[in-house]
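First comes the structure, then the notes that go with it.
The values are calculated or read from the model by the stated rules, or taken from the named source; none is laboratory data. These figures come from a predicted structure and were not determined experimentally. Here the Cβ is made from the backbone with ideal geometry for all residues, glycine too, and neighbour counts use every protein chain on show. The area values use the complete protein model at the heavy-atom level, side chains included, leaving out ligands, DNA and RNA. Shrake-Rupley method; radii C 1.70, N 1.55, O 1.52, S 1.80 Å.
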Amino acid sequence: MPYKPKPLWDRFNLFYALRVHRERLLKRALAAGGALLAAGWMIATLVRGDERPFSSGPMSIGHAMLADNCAACHTQATHFARFWKSDADKAHTLNDGCLSCHGWTIGHDTETRSAWHQLSAPHAASHPDAREPRAACSSCHAEHAGFVRLTEMDDRHCTSCHADLRPLDAGSPFARSITQFGKRKRNGDHPDFAALSRPDPGRLRFSHDTHMDVAKRPFPGIPGEPLSCDDCHRAGDSQRPWRFGLARVLGVERLPHELASAGADEVDKSGAFMQPIRYELHCAACHKLDVGSLYPIRGTPDGWVAHSTPGEIRSGIIGQLLRFLREPGEQTPPESDLEPRPAPGADGKVDTADELRYIARNAVTIERRLYDVAGGGLCTKCHAVDYRPPPRQTSSAFETPLAVIAPTSIPRRWFLHGSFSHARHKTVGPLVKAAPEPVAAAAAGCIHCHPGATTSRQSADVLLPNVDACRGCHAPAHHAGGPLLGGVSDRCVYCHTFHRPPSQEPRTSRDPSGAGLSSARLLAAESQGKGGPARESEAAATTQGALP
Amino acid sequence: MRIDATHRGWAVASLVILAVCTLAYVAADSSAPGPPQGDSWLGLALGALGTAFIAFAALLGARRRALLLRLGPMSAWLRGHLWLGLLSLPVILLHGAFQFGGTLTTVLMCLLIAIVVSGVYGAILQHAMPRLITTAVPQETTYEQIERRLAEMRVQALAVVAEHCPPDTPEIAQFKQELSETLRLTGEEQPEFRKGPAVKVAADADEAAKAAAAEQTAAIEKGLAALLRFYGGQVAPFLRNCRSRRPALASAVRASIAFDAVRTDIHPGMEPALRTLEELCGEARQKARQIRLHRVLHGWLLLHIPLTTALLVLTAVHMVMALYY
């Protein structure tokens, strides 16, 4: 019987769908494998206590060390908070984590715990964009957004309010609308700096023109030696000795280390701000307080009165006159206008009452030499002094009111609502090729931003650059018919801070009041530096005795 | 599944959903200093929507195992799987503000992208390949039955050869031994064999007739030997492993040459058997091609499915942990 194939319907197993084909089995195995692998990874992660995989993104630069410590911010109170807390409460809870570290640095207030840009709650609530007075820190500082700086925020955080401040406060001194700084399609509408709208509050009589141009310099102090900007203006990160300070008069390279430290502590060492102008560091070499040719003063240097307050100066003068009386061998300088010494008594000693009268009258004489404008008073060359000279011969220092020297009021910080760092602008100098003729090449960078510094003749001139000078760099890159300009960030936060109220003084590590150093303090430090601890008391005594 | 006019509704609905989500995202982005993050209410809503789409797409596998339940037509599920699965990617990207985030979320995004890309690849194949298979494989068989059909073809091939062989042919016994497993699989009966040589001579035949018969018998035996040699050397190995491209019979042209060469050596009476063998080899080639096309058509699932299960597990963890923190 020949082979007869099966009919078509018998050739197939009609129940094949009920059998598990090996490819179907493979799919199921792989599906289970994928799930098991994922579950295994998660279980292993949880068992290890490693929370990093659950982070919603890389931590910012400042918080990178918290990448494996979620609980540092996400405290117990925040767990599943979305379900049982309002947005405001949740934000408030999260803020606690932030403020546990940053509370002391951002100046938050206990009411809002977010500073809210120093706005009161009613202001914040009345403004359309002030949605929540108790704003979440994270509403601006979005963490888990990568290895970035949390403070470098988008301008929209600011312009959401500052684009239209009208609803906020009719009496606000701030510009009503600021939408951008740099020049984009149109000029930035950031107003010019407020400091430019009013004269320099400084009361020191000073002419940049005279100081910078050797030909116009009237005094013989250091003839022919040109000044550079950094002979007086240096950021706090500079350690170089000053050229025209007291050190030059004393014949030393620089004032002792203790003195330098004392000075440096008063300045911002980051180099952001210029060091304050100090007579002892910047002026003394030319503007000498030497009255030794007229009066028996033995200061340091010899013949100098201290650069100090009228009260301290008077005390010093009285001390010096008393010393002069007690040293009979000492003669008054030939050109002196002091009265003759009182005659000694039979015992060879000057009567104490006579001594007091002599000191009182002659102290006034010396003070007149310092403060009297008509008499070409030494101090009045630079300072505004309120001094009414008493009648000669009849007046007494004990009855004459002290002179009042107007505070110099040189601003320590000009941009009260913004920050500026000279240290971050050091590269401007090398970029500037041409410098005005009388200016040293090293100062070209300074003059680039402060063009008026070489010609200003009065203290009232504000020599700050205007906002357009900043826009030369702080603007989107653009061609202005020549080389490429701009390209440096023009974000709001580049200059402005949100939390901390503007301070008139740069923050210092010591003496935040910015009180000046007196000659006495400076020279006492110098003496201590030379003599060391063993001679400390001696040096102090010498200082007190010798210095007016 | 072909992407045709029946998909229009799903496509339009998907585009509308995507447009709404995008508009909401853009509106939120323009009204706030930064884009809405995943933990904002809009971000959470987008995340929930995207997760729902992923879950629906993943349910297709379960739906296939519940054919008897009234859960809507399978074609609708397939279209939903395709479009909502595709839509899940942009929605999840909006949910994450186009950022991949941390380790877990980055893994999730990579998984989702891989799944969607492999799915799109699969959809393109599913759209184009069925027509190609119909053309290239006229004798298409249900994929799962191909092995069984190939076994039957091996038995059939041996049977048509055995018809021309005496029962004591040693080669046939060997072939039968080799086919024993195949026979068990298919349930076929043992092939039958002819009894004795194909040429019979009467006892009283004259010498000339006997000589003619002997000559014919020799020709038959010579042809049978050639047939057996061809079957054992080429046909049987090819039918055993038709997926290999190396045998001569794997190519239609070379197979035709080989069969023509054998045809000149065999007895004309064996021609039907040789033709049957040629047909079986042709069908086997189609089966091999079908297997290859099937693997191309469904191979991407070996990536798509495990990634999907991993995605589901990790998504669940992500949801819990995100809400926890």
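On inspection, residue B:23 qualifies as at pLDDT 95 or above, farther than 30 Å from residue A:80 by Cβ and more than 13 Å from every other protein chain (Cβ to nearest Cβ).
Taking every residue in region B:96-124 that is at negative phi and pairing it with any residue that is among the basic types (Lys, Arg), at least 6 positions away or on another chain, the pairs with Cβ-Cβ distances below 7 Å are B:103/A:52. Of all residues in region A:452-461, those satisfying the criterion of being within 16 Å of residue A:195 (Cα to Cα) and surrounded by fewer than 19 Cβ atoms within 10 Å (Cβ to Cβ) are A:452, A:460, A:461.
Counting only residues that are among the small types (Gly, Ala, Ser) and either open to solvent by 10 Å² or more (accessible area, probe 1.4 Å) or not in a helix (DSSP H, G or I) (or both), which one in region B:124-170 is farthest from residue B:82 (Cα to Cα)?
Initially, region B:124-170 is screened for residues among the small types (Gly, Ala, Ser), giving B:128, B:136, B:151, B:157, B:159, B:162.
Filter again for either open to solvent by 10 Å² or more (accessible area, probe 1.4 Å) or not in a helix (DSSP H, G or I) (or both), leaving B:128, B:136.
Details: B:128: 15, B:136: 27 Å.
Among those residues, the one meeting the criterion is B:136.
Restricting attention to region B:198-212 and to residues that are within 24 Å of residue B:170 (Cα to Cα) and open to solvent by less than 80 Å² (accessible area, probe 1.4 Å), the residue that is modelled with the lowest pLDDT turns out to be B:198.
Going by the structure shown, is residue B:51 among the β-branched types (Val, Ile, Thr) and at pLDDT below 95? Steps first, answer last, please.
Details: among the β-branched types (Val, Ile, Thr): yes; at pLDDT below 95: no.
It is false that residue B:51 is among the β-branched types (Val, Ile, Thr) and at pLDDT below 95.
With the condition kept exactly as written, say whether any residue in region A:363-378 is in contact (Cβ under 8 Å) with a residue 40 or more places away in the chain, more than 19 Å from residue A:287 (Cα to Cα) and polar (S, T, N, Q). Within region A:363-378 (the criterion being in contact (Cβ under 8 Å) with a residue 40 or more places away in the chain, more than 19 Å from residue A:287 (Cα to Cα) and polar (S, T, N, Q)), the answer is no, since none of the residues qualifies.
Inspection of region B:60-75 identifies at least one residue that is touching a residue at least 60 places away in the same chain (Cβ under 8 Å) and away from chain A (no Cβ under 14 Å). Being among the β-branched types (Val, Ile, Thr), loosely packed, with under 15 Cβ neighbours inside 10 Å and assigned by TED's automatic domain parsing to the domain that holds residue B:306 is true of residue B:117. For residues that are more than 24 Å from the chain's Cα centre (by Cα) and at pLDDT 85 or above, scanning just region A:160-197, find the one that is farthest from the other protein chains (Cβ to nearest Cβ). The selected residue is A:177.
Within the set B:85, B:80, the sole residue that is part of a helix (DSSP H, G or I), modelled with pLDDT under 95 and touching a Phe, Trp or Tyr at 6+ places or on another chain (Cβ under 9 Å) turns out to be B:80.
Considering only region B:234-321, give the helices (runs of 4 or more DSSP H) lying wholly within it that have at least 2 residues that are among the small types (Gly, Ala, Ser), open to solvent by 30 Å² or more (accessible area, probe 1.4 Å) and away from chain A (no Cβ under 14 Å).
Details: elements: B:236-240, B:252-263, B:271-299.
Qualifying helices (runs of 4 or more DSSP H): B:252-263.
Exactly one residue out of A:253, A:258 is charged (D, E, K, R), modelled with pLDDT under 80 and under 29 Å from the mean Cα position of the chain (by Cα), and it is A:258. In the condition set (1) within 14 Å of chain A (Cβ to nearest Cβ); (2) closer than 20 Å to residue B:15 by Cβ, residue B:80 is compliant with all but (1).
In region A:37-58, is there at least one residue being among the hydroxyl-bearing types (Ser, Thr, Tyr) and touching a residue at least 24 places away in the same chain (Cβ under 8 Å)? Before the answer, list the steps.
In the first step, residues of region A:37-58 are kept if they are among the hydroxyl-bearing types (Ser, Thr, Tyr); the result is A:45, A:55-56.
After this cut, where a residue has to be touching a residue at least 24 places away in the same chain (Cβ under 8 Å) as well, the list is A:55-56.
Yes, region A:37-58 contains a residue that is among the hydroxyl-bearing types (Ser, Thr, Tyr) and touching a residue at least 24 places away in the same chain (Cβ under 8 Å).
What do you reckon, is residue B:97 among the small types (Gly, Ala, Ser), surrounded by 19 or more Cβ atoms within 10 Å (Cβ to Cβ) and within 14 Å of chain A (Cβ to nearest Cβ)? Yes, satisfied. Please go through region A:50-75 and pick out each residue that is in contact with a helix residue (DSSP H, G or I) (Cβ under 6 Å, 6 or more places away or on another chain), open to solvent by 50 Å² or more (accessible area, probe 1.4 Å) and at the interface with chain B (Cβ under 10 Å from one of its Cβ atoms). A:51, the sole residue that qualifies. Filtering A:328, A:342, A:333 for residues that are assigned to a loop (DSSP other than H, G, I, E, B), open to solvent by 50 Å² or more (accessible area, probe 1.4 Å), in contact (Cβ under 8 Å) with a residue 12 or more places away in the chain and not hydroxyl-bearing (Ser, Thr, Tyr) leaves a single hit, A:328. Residues in region B:45-68 that are surrounded by 16 or more Cβ atoms within 10 Å (Cβ to Cβ) and more than 11 Å from residue B:91 (Cα to Cα): B:56, B:57, B:58, B:60, B:61, B:63. Residues that are among the acidic types (Asp, Glu) and touching a residue at least 40 places away in the same chain (Cβ under 8 Å) were ranked within region B:244-294; the one that is farthest from residue B:139 (Cα to Cα) is B:265.
Could you check, for region B:172-183, whether at least one of its residues is within 11 Å of chain A (Cβ to nearest Cβ), in a helix (DSSP H, G or I) and touching a residue at least 60 places away in the same chain (Cβ under 8 Å)? Spell out the reasoning first.
Start the filter on region B:172-183 by keeping residues that are within 11 Å of chain A (Cβ to nearest Cβ), which leaves none.
The answer is no; no qualifying residue exists.
Can residue B:239 be described as within 25 Å of the chain's Cα centre (by Cα), hydrophobic (A, V, I, L, M, F, W, C), within 30 Å of residue B:117 (Cα to Cα) and not assigned by TED's automatic domain parsing to the domain that holds residue B:123?
Answer is no for this residue.
Of all the criteria given as (1) closer than 17 Å to residue B:143 by Cβ; (2) modelled with pLDDT of 85 or more; (3) at the interface with another protein chain (Cβ under 7 Å from one of its Cβ atoms), the one not satisfied by residue A:28 is (3). Looking at A:358, A:371, just one residue is surrounded by 11 or more Cβ atoms within 10 Å (Cβ to Cβ), of a type in the set (Phe, Trp, Tyr) and touching a Pro at 6+ places or on another chain (Cβ under 7 Å), and that residue is A:358.
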